Amino acid sequence: MHVDLGSALDATPGVSQESLERLDEQVATAHQRIEAGRDDHEHGYAALNLPSTVDLDAIRTAVEPFGDAEAVLTVGIGGSALGAATFADALSDPAAPDAYFLDNVDPEHVSRLLASLPLEETVLNVVSRSGTTAETLANFLVVREAMADAGVDWTERTFVTTGDSGNLRSLADQHDLPSLSVPDGVPGRFSALSTVGLAVAAIQGHDLDAIRAGAAEAADGLSGSLFETPAYAYGATTYALAQRGAVTNAVMPYAERLETFAEWFAQLWAESLGKDGLGQTPARALGATDQHSQLQLYRAGPRDKLVTLVRPRERPNRAVPATDLDGLAYLGGSSLGALLDAEFEATEASLAASGVPAVRVEIDAVDERSLGALLYEMEAACVLYGELAAVSTFTQPAVEWGKRAARGLLGGGDFAEADAVDDRTSLVVE
């Protein structure tokens, strides 16, 4: 990816090039820690080794029985779904099987989706490292029942991605289901470039080798300086801006196919960095749509925001027909791509004029190689930010607290966290 920090230099809050040069000494130290973690395959740091450790042949073998699929339904939540959804939405191909994701337990949504799917031609991908995730297992049981009711043998249409033990592993062994292993030492939100994120891409026929090649190039490009490494430039600058008060990071892709990428980024950034009263709140926007809504707040609201503008340098285009309508002649002979680029430049200039920090992130194209690099570099940026902030990047204690509380409420065990539900204060207005 290509990172331009210019619009963050003369902003409020902002960083100067001199301050970044001073910060670069800390980046060098953090890089040494990251490399040591990668060398020892430590928990979390192991995610940055995926370009060399992911087994693409195992993925292809697991999904080979489903070459006739018209649709693939992934049942997972958070990192078990968002990486795969990012690739599916970004690389969308009308000729490929449609990809759907059940990452919530809203009963109305689940029922509507199942009613719309051709279950006899749908492959079910169940993803949970532990095999005990309540939302995932509940949705799986519902889907399995829907398949049985439709006369579909679910064992012929299902594969699982899970750990070496647990309910899903036992289920796969019992029914001889195709299965993939979740990689050791890789938290779910960092698993997009693993079996977790790439199985759906394989079913859809996307180029896994190109995804890995893009990520590998990004991995090879990591160095001890933010001025030589785009990932570190982004991670260090976002950290420095947060330290100066930019505690919200609005990620605004100017490509519809990258909208889900912003969702993936939001989990990565929030779950990894929101610790000990620190972190940077990710917000999701879409250019040019949200120029007409959220930009008002970013430009004229509280000075606590950074805007990350994301776009591909190359994209398919479409001409705008000529018109004789008064005031619109200037659009004729132009293109939608030129208009979108103008909107991008205008937003960047608008933010700069009002002193709001922005960082420009560009990729070559929305293709496999560029996406592999983009996701890898954002993960590396997140890890660097965590090192600079001295937070426990790879843990998620608040998430685990909520899981235990929910499981206790459902009768899945005796968890003290569930008792807190009854202890909450309420003020009801009716």
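Nothing in this text is a laboratory measurement; each read-out follows from the coordinates by a stated rule. Keep in mind it's a predicted model, so treat the numbers as computed, not measured. Neighbour counts are summed over all protein chains in view; Cβ atoms, including those assigned to glycine, are modelled from backbone coordinates with ideal geometry.
Before moving on, here are some points about what is shown:
- Rg and Dmax of the range 133-226, both derived from C-alpha coordinates alone, stand at 16.9, 59 Å.
- Looking at the chain alone, DSSP beta bridges between its own residues are antiparallel in about 10 percent of cases.
- Full-stretch length increase - residue 95, residue 365 - with 0.36 nm per residue and alpha-carbon distance subtracted: 95.2 nm
- Sum of -39500 (n - 2.57) over DSSP H runs of 4+, divided by residues of the chain (222 nm, nearest 500): -14500 deg cm²/dmol
- Three-way shape label, the range 55-182, alpha-carbon gyration tensor, a/c 1.5: rounded
- Mean projected area of the convex hull spanned by the Cα atoms of the chain, taken over all viewing directions: 24.7 nm².
- Annotation: extensible slack from residue 40 through residue 399 equals 126.6 nm (criterion: 0.36 nm per residue apart, minus Cα-Cα distance).
- You can think of it this way: the chain between residue 325 and residue 17 has 106.1 nm of extra reach, that is 0.36 nm per residue less the Cα-Cα gap.
- Sites excluded, trypsin sites (Lys or Arg not before Pro) in DSSP loops with at most 12 other C-beta within 10 Å, longest stretch of the chain: 1-317
- Alpha-carbon centroid distance for the pair the range 336-369 / the range 22-78, whole angstrom: 28
- In the chain, Cα pairs under 8 Å separated by at least six residues give a relative contact order of 23 percent.
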